[in-house]
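Report on the structure given below.
Bear in mind that the values in this text are calculations on the coordinates, not laboratory data. This one's a predicted model, so the numbers in the text were calculated from it and none came from an experiment. Here Cβ is always computed from backbone atoms with ideal geometry, including for glycine, and neighbour counts include all displayed protein chains.
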């Protein structure tokens, strides 16, 4: 019936003017640290990142050398996660594969993020090409992203690099949309107007005033899209369109393993689990970041 | 002017409102508040942001969510303690014998429902009228609050109306069940002065017609002078002064009230002399301090003010929370 | 008359409404519709009007934060509307603006020092970082803050303190004209008075000229030397403060003044309660825009737009009541 419109309802927390000033991101970090889910997600990611970097120290098996006498061995003390059809240690391959998978996510998100922020700022701040950029993005978004990635690979050709580009392109529209929306909201703020009133140059307004104030949604989106990209890259590899054997990319491992599903379940289960855990980690961290970076927080 | 013969309608005794703070502690938004409203009277509660005036009004309607905070003390409305009645009983009071209008007429109406439906719902909840009668009554109420072409407005959505019209609709909804008490929380703050004049006139007319008591929450002393019979000034969750409107505006006692009145540019003064502002800023609730909360900003503060929070001294009909008035002789 | 610091002639700001893409000759919101006025050096021109009357748009169009549709804005004898982007940037150290909402007008990511430092460095004021730092300190002191506040972020300040920072940013570049757009309406009453006094103080210290925009007539009266009253994109009356308050001519000004509640409960004056709302600026009434709400409406008001008449020396009003060609015996009121 009636809606409350009362600012006083929110408890007012004392602002001690004696304490040290925390920047916005300083406060967000403080808040994030209290979020158990996000910290758990972060721990998972840290684990995978460290293990893939330190792979040579954690395992004594070579990645690609074939030893037929060891083929399709079940998990044991010797081979923790078993071996594949060529006798290669699955644990070792997952460690090294993590490098490829994580790198694919990183590259795809970096490309998509850069292009997305650029297009989003052009559309949102300059408004000149707004209509055309957004219509293009709407068309891109109309395709399911995996289908689109497949189509792009079909054009560019099969392979790791092309898969990364394909994933990046399929992720761009979500960046453009978020960035454009945020820019539109921020550019109406009076501090942007006052910067213009001071005669501050456009590029400085964009880099100094707009981008830092829309960093929160971009960071959250990038984190979530990281997981999405890894998943998409793995899916492409699983379909045989991305990383090609003997590359130990996780999707490729599952792809190879599926032919031996009845004899060697470990060949698909463990790389699959790795994908799942990493994506889960990114999602948990992303959700936590979303809460911590909420502009309503004080 | 309020008639002293009138019955007491609302009596609040020793009310405290606590809010949960982020750090797990509690913040006292309102401390030891006592107030009475007689039937047909207008009591204005004046104060600046964070003084606890709006929280008080929400608390009277029991609209503060349980997980956000709680209220202590007695709230006697027509003899019933609202702090003790069931939620069901409270619902039958809200919008019926006690109703409320808010500051922001843009967000107080539901944007997806037609005006007729929203006003009809209030009447439906608190009466046993038929659909046709409800519609008739709704149109009658809209006409009473001065809305032209009331029949047509019934089928329109809130966004099709101007701010002033929306506030009229809100008032029509609030008055639909002829409440005994209308709580108006900054009812004209979002409106232009010429529209404000319309709405204030309307509220005064309705008050006469329905003999409704009004609890008017505002920061605007001009609105107070226009509307109120009695005035309560709040600062930092406490009543600092209470008196009838004439005494308070013409012979204010508390240094805060004096400061507020001096801060407002006087329309009848043609000289260019600077204003006399209150120094410092409105303190945030929750900052623990001893002594009088106004101490730091008070031009007349002395040592005792720093050490001890003064109680309310009753000086006839005027209540003042200030050590200056501890002894009757000091009153200038 | 000496050369005015600011000379605005027939200023118009129209915004197209509806979809520009499909509909070339669409409707316009006439936010500012043919306004002329002058501001002398050292004076304060107050602009009052209710929401939607175009007063903020007018203020911003003087700085070309919103591009004027037509008309002329001469500042220190130079045409502002013709300036190139670079010249405009230089001009902006000479005209500054203070905004209404102190919560939105400061970048939350920057410290006070970098907010003020940016203003200085943009206009190459101060030779090096150290000198700028000293200037920031001076600015903070001049607006009533402590130099200790320099390293803090906007969210650590109260509304009044933030408004002081906003004012410091405006005076940092040594402007001669400041457009103050509702600078106190978001503040608590007790803090409002502090900020109004600060404006008065800075005016003397920095020899400033103000255009002070507000909806609150008592605030405008307090700070202004001359006052312009706006209604629906038009300047309906313009006069010296005393003239305007002692003898308001336009029926709208009269209604506006009588609508302000008096602080004296015994002075229950005769109210002129205006009927209805402000009409939409997309389709304003024909003739005089105020005619549907005016208590002195004549037949001619619905047909002919009133012209600006100098009813008394320095007292301009746009109303047929005072036009001797239309109304041979001008009424008092």
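For the reader, a short list of remarks on this structure follows.
- With 20 Å bins from 0: P(r) over the protein assembly as shown, alpha-carbon pairs, percent: 12, 35, 34, 15, 4, 0
- Cα-only radius of gyration and Dmax that characterise the stretch A:99-159, units Å: 14.0, 41
- DSSP finds beta bridges in chain C, and of those with both partners inside it, around 60 percent are antiparallel.
- The stretch C:253-317, Cα convex hull volume normalised per residue, Å³: 132
- Acute angle (nearest 10 degrees) that the helix C:159-172 long axis makes with the longest principal axis of chain C, alpha-carbon atoms: 80
- If R0 is 45 Å, the Cβ-Cβ spacing of residue C:207 and residue A:39 corresponds to a FRET efficiency of close to 0.20.
- Square roots of 5 times each gyration tensor eigenvalue, C-alpha, the stretch B:109-176, largest first, Å: 18, 12, 11
- The equivalent ellipsoid of the stretch B:207-332 has semi-axes of 25, 19, 16 Å, largest first, where each one is the square root of 5 times an eigenvalue of the Cα gyration tensor.
- For chain C, built as a Gaussian network whose Cα springs stay under 10 Å, the top-fluctuating residue of C:312, C:156, C:270: C:270
- Partner chain coverage, peptide C:121-129 - average Cβ within 10 angstrom: 1
- Inter-centroid distance (Cα atoms) of the stretch B:208-226 relative to the stretch C:58-110, Å: 42
- Computed over chain A with a Gaussian network model linking Cα atoms closer than 10 Å, the most mobile of A:223, A:268, A:114 is A:114.
- Efficiency of FRET between residue C:87 and residue A:265 - r from beta-carbon atoms, R0 60 angstrom, step 0.05: 0.20
- DSSP finds beta bridges in chain B, and of those with both partners inside it, around 60 percent are antiparallel.
- Largest first, the extents of the alpha carbon coordinates of the stretch A:181-298 on the three principal axes equal 71, 29, 17 Å.
- Prolate is the label for the stretch A:174-230. Its Cα gyration tensor axes, ordered a ≥ b ≥ c, give a/c of at least 1.5 and a/b above b/c.
- 10 Å-binned pair-distance histogram of chain A (Cα, whole percent): 6, 22, 26, 22, 13, 7, 2, 0
- Degrees, to the nearest 10: A:145-156 long Cα axis against longest axis of chain A: 70
- Paramagnetic reach from residue C:324 in the stretch C:298-316 [backbone N under 14 Å; point 7 Å along Cα→Cβ]: C:309-313
- In chain A, the DSSP-assigned H stretches of four residues or longer account for a calculated mean residue ellipticity at 222 nm of -21500 deg cm²/dmol, using -39500 (n - 2.57) per stretch and the full residue count as denominator.
- Between 0 and 90 degrees, the angle of helix B:193-210 with respect to the longest Cα principal axis of chain B falls at about 80 degrees.
- Rounded, prolate or oblate (a/c below 1.5 giving rounded, otherwise prolate when a/b exceeds b/c) for chain C by Cα gyration tensor: prolate
- From most to least packed by mean Cβ count within 10 Å, the peptides B:35-42, B:164-171 give B:164-171, B:35-42.
- Relative frequency of Cα-Cα separations exceeding 31 Å in chain B, percent: 36
- DSSP-defined antiparallel bridges as percent of all bridges, the protein assembly as shown, nearest 5: 60
- Highest mean first, the peptides B:157-163, A:29-35 sorted by other C-beta atoms within 10 Å per residue fall in the order B:157-163, A:29-35.
- Between the beta carbons of residue B:91 and residue C:299, assuming R0 = 60 Å, the FRET efficiency works out to 0.60 to the nearest 0.05.
- Estimated [θ] at 222 nm from DSSP helical runs (n ≥ 4, -39500 (n - 2.57)) normalised by residues in chain B, nearest 500: -9000 deg cm²/dmol
- Mean ellipticity per residue at 222 nm, deg cm²/dmol - from DSSP H runs of n ≥ 4 across chain C, formula -39500 (n - 2.57): -8500 deg cm²/dmol
- Cα-based shape type of the stretch C:96-209, given that a ≥ b ≥ c are square roots of the gyration tensor eigenvalues and the cut on a/c is 1.5: oblate
- Spatial separation of Cα centroids for the stretch C:181-218 and the stretch B:88-112, in angstrom: 37
- Shielding value for C:6-15 is 0, the average number of Cβ atoms from other chains within 10 Å of each residue's Cβ.
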